[in-house]
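The values are calculated or read from the model by the stated rules, or taken from the named source; none is laboratory data. It should be emphasised that the depicted structure is a prediction, and the values quoted were computed from it without experimental measurement. Positions of Cβ are generated from backbone atoms using ideal geometry, with glycine treated the same way; all protein chains shown enter the neighbour counts.
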């Protein structure tokens, strides 16, 4: 005579495999927290151009009687943030098709990827941006990214006491650069158009600015909210984050998932009949 199986019996039968599932999850959390360690690199940009200023907030400014162009790079992987203010009493146009960032003599257009169509002047909407009189526009076309700071030997840095956002001091590693030996040098080229009423052709005006990394700080696990310049949102400072053990973590994740799947299969053994 077969013994009747109660709900209490089935709970005891599955208790072992379910504990193994919980153990797998616990191991997963511990492994990922152990192998995933972030290292932050903070870069300060400078400019060798005589024209233009750098404000106390770290913004790079170029201007004349027509317009003011402001650059900010604060954030992860150096987002290129451009603000253009029209000083005129008539509209000013930015020709993004003829504006670009140049790195290692390779130009990348600032023109956004958008649906193109012709307007009355025969120009496409994504190539021109109109700035009303005495107004400004903001544009963030790209980020620089693809840095190899983690390949710089630690011996090339000097250790310094660096103040953090809390007012404490941390032992960080700093490397200074000149224009000649900087790991990154690039130029920004912006074309503005003004005039063009009636049969007159629009007049073009070019703003060009160069930048290079002048300081690199290897800050270990010191996050942006605790690193003083980025905590203050300085426009000339950006950061890059590397995660050690990311590949190892994914491998361990796969192993734990497989182990969890086996435990689940045991817990719901199809050979059992209730």
Requested in this report: For segment 153-182, enumerate the residues that are in a loop (DSSP other than H, G, I, E, B) and under 19 Å from residue 45 (Cβ atoms).
Outcome: 157, 177, 178, 179, 180, 181, 182
Report task. Inspect segment 185-195 for any residue being in a loop (DSSP other than H, G, I, E, B) and either modelled with pLDDT of 90 or more or surrounded by 14 or more Cβ atoms within 10 Å (Cβ to Cβ) (or both) and give the result as yes or no. Result -> no
Query raised in the report: Is it the case that residue 170 is at pLDDT below 90, in contact with a strand residue (DSSP E or B) (Cβ under 9 Å, 6 or more places away or on another chain) and surrounded by fewer than 17 Cβ atoms within 10 Å (Cβ to Cβ)?
Result: no
Query raised in the report: Among (1) within 25 Å of the chain's Cα centre (by Cα); (2) in a strand (DSSP E or B); (3) surrounded by 16 or more Cβ atoms within 10 Å (Cβ to Cβ), which single condition is residue 147 missing?
Result: (2)
**Report entry** Unique match (being at pLDDT 95 or above, crowded, with 18+ Cβ neighbours inside 10 Å and closer than 25 Å to residue 146 by Cα) among 100, 67
**Finding:** 100
